[in-house]
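To keep things clear, I will list the structure first and then write my remarks on it.
The values are calculated or read from the model by the stated rules, or taken from the named source; none is laboratory data. Predicted model only: the values in this text are computed from it and were never measured. Cβ sites come from the backbone with ideal geometry, for glycine too, and all protein chains shown count toward neighbours.
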Amino acid sequence: MKKGKLITLIIALIIIAVGLMLYFVVSSGALAKSFEPTISLKGGRTVTIELGKKYSEPGFTAKDHRGSDITADVKVTTPEIRSHGTYKVKYAVTDSKGRSVKATRTVKVVCAKATKAGAKRGLTVFMYHKVYDAKNPPGNLDTNCISNANLENQLKYLVKEGYYFPTWQEVRDYVDGKIDLPKKSCVLTFDDGTKLFMKYGVPLIEKYDVRATAFIIVSKNGKLWTSKHYKHVNLQSHSYNMHRPGGTIGHGGVFTALSYKKGLADLQRANKVLGSHEAFAYPFGDYTKKCEKVVKAAGYLVAFTTEDARVYPGDDPYLLTRVRIDGDISLNEFKALL
């Protein structure tokens, strides 16, 4: 055989060998894949639900490579849906041979568009203060003190009735007339961030899985609050050190007497310690136009006075009202405030 033909034959054999190798590699991969179990999602890979409504699983099936049903072996991880946004539901299954497969469904939670009925309904933002042990009440009780037993009855009712607890961004969007909130919605706020609330109130908030905000006087106990982790208690500002006398307006809070520069410096210091600046509660509920400008400059979404009323679309987002909860309020009276 001539040298040129031999070289050509060798090249051809190499090409054939490489082709066979590639074929077997691809075939073995496809073959291996054909032995994997499968998960089929009913209702599509994307589901859209309205804010405040519970996610309802559309269903799924799973089979091993022989077609045997292994749906009962599927492990489903459903995220905690607490506001609008995008969430992932994860599915995983392993067959009897240890072969596994995963699948994911996207859940889009959207806000309803604003309506006249939603605007007329309004939103109750509750204002609490101290929480004490009903079995061992302190001697200096006042109207700002509520027992843990009374608070628990209120939380039980809210959870039983399916109330939704909006985020501060959702509150702002509602006030701006951009969205409707679920019909049964309310906000829980606790002023001052007292140690009594930390000891007797926070455990109830965590127990009943509701969202609440503690407005912290940061100079007093900001570091104490930020040294702990809370799943459902949101820390927001009641100022760094402006919850003290020194003004001549309203209850005499010093914020109204400070310069723009000093007021802003106080709020920025509080924000730095807390690591958040979504909502603000005016100390003693006192404010001026200058105070409002300072709060806006500090970057808050909303701010609250102590004036007693519900919140409605069109309200000034930096002068929002709240509904005060007195310690001796009955459950029926509480229901009426909703």
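Listing for the model above:
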quantity: Selection from region 98-122 of residues that are in a loop (DSSP other than H, G, I, E, B) and in contact (Cβ under 8 Å) with a residue 12 or more places away in the chain; calculated: 99, 111, 114, 115, 122
quantity: Qualifying residue in region 234-255 (condition: in a helix (DSSP H, G or I), touching a Gly at 6+ places or on another chain (Cβ under 8 Å) and over 25 Å from residue 196 (Cβ atoms)); calculated: no
quantity: Cβ-Cβ under 7 Å pairs, at least 6 apart or on other chains, region 325-338 side in contact (Cβ under 8 Å) with a residue 60 or more places away in the chain and within 19 Å of residue 159 (Cα to Cα), far side of a type outside the set (Ser, Thr, Tyr) and part of a helix (DSSP H, G or I); calculated: 331/153; 331/154; 334/154
quantity: Region 123-145 - residue that is in contact with a Gly (Cβ under 7 Å, 6 or more places away or on another chain) and assigned to a strand (DSSP E or B) and, of those, modelled with the lowest pLDDT; calculated: 145
quantity: Which listed residue is within 24 Å of residue 195 (Cβ to Cβ), among the acidic types (Asp, Glu) and over 23 Å from the mean Cα position of the chain (by Cα), from 266, 209; calculated: 266
quantity: Residue within region 115-133 that is among the basic types (Lys, Arg) and over 28 Å from residue 336 (Cβ atoms) present; calculated: no
quantity: Test for residue 268: is it assigned to a strand (DSSP E or B) and either charged (D, E, K, R) or touching a residue at least 12 places away in the same chain (Cβ under 8 Å) (or both); calculated: no
quantity: Tabulated pairs, region 184-204, first of a type in the set (Lys, Arg), second outside any helix (DSSP H, G or I), C-beta under 7 angstrom, 6+ apart or interchain; calculated: 184/161; 184/162; 184/163; 184/164
quantity: Residue within region 232-246 that is more than 15 Å from residue 258 (Cβ to Cβ) and loosely packed, with under 14 Cβ neighbours inside 10 Å present; calculated: no
quantity: Of residues in region 55-78 being touching a residue at least 12 places away in the same chain (Cβ under 8 Å), assigned to a loop (DSSP other than H, G, I, E, B) and not polar (S, T, N, Q), the one farthest from residue 167 (Cα to Cα); calculated: 65
quantity: Residue within region 193-203 that is surrounded by 15 or more Cβ atoms within 10 Å (Cβ to Cβ) and under 15 Å from residue 52 (Cα atoms) present; calculated: no
quantity: Unmet requirement for residue 316, which otherwise passes all of (1) buried (at least 16 other Cβ atoms within 10 Å of the Cβ); (2) under 30 Å from residue 120 (Cβ atoms); (3) out of contact with any strand residue (DSSP E or B) (no Cβ under 6 Å at 6 or more places or on another chain); (4) not hydrophobic (A, V, I, L, M, F, W, C); calculated: (1)
